[in-house]
Amino acid sequence: MDAHKGDRLVIDGNKLGQARRSGEVLRVEGDSSHQRLWVRWDDGHESMLMPGAGARFEKASGKRT
């Protein structure tokens with residue numbers, strides 16, 4: 001994964017009934033194999049995470065990876 005500031009992070013729920021989460025990437029630290037992201041979620045709160053296999057990015061330019 002290779003996230004950049006301004007990209008959208010989308011995480012689909014991996015359990016029945018679990019909602020999809022999405023937010024804007026505010027800051028990226030580390031290299032592409034071990035990134036730590038600071039995200040502002042659509043509900044307004046912010047958190048730091050290391051994205052897992054269920055995460056995908058919508059590039060700021062509109063391209064998806």
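Points to keep in mind about this one:
- Residues that are touching a Ser or Thr at 6+ places or on another chain (Cβ under 7 Å) and part of a loop (DSSP other than H, G, I, E, B) were ranked within segment 1-26; the one that is farthest from Lys59 (Cα to Cα) is Met1.
- On the stretch given as segment 40-57, residues that are in a strand (DSSP E or B), in contact with a Ser or Thr (Cβ under 8 Å, 6 or more places away or on another chain) and charged (D, E, K, R) total 1.
- Filter result (of a type in the set (S, T, N, Q) and surrounded by 11 or more Cβ atoms within 10 Å (Cβ to Cβ)) within segment 1-26: Ser22
- Residue satisfying all of: in segment 27-39; surrounded by fewer than 16 Cβ atoms within 10 Å (Cβ to Cβ) and in a strand (DSSP E or B); farthest from the chain's Cα centre (by Cα) among these: Glu29
- In segment 13-65, the residues that are in contact (Cβ under 8 Å) with a residue 12 or more places away in the chain, farther than 10 Å from Ala3 by Cα and among the basic types (Lys, Arg): Arg21, Arg40
Every number here is computed from the coordinates shown, using simple stated rules; none is lab data. Keep in mind that this is a model prediction, so the values were computed, not measured. Positions of Cβ are generated from backbone atoms using ideal geometry, with glycine treated the same way; all protein chains shown enter the neighbour counts.
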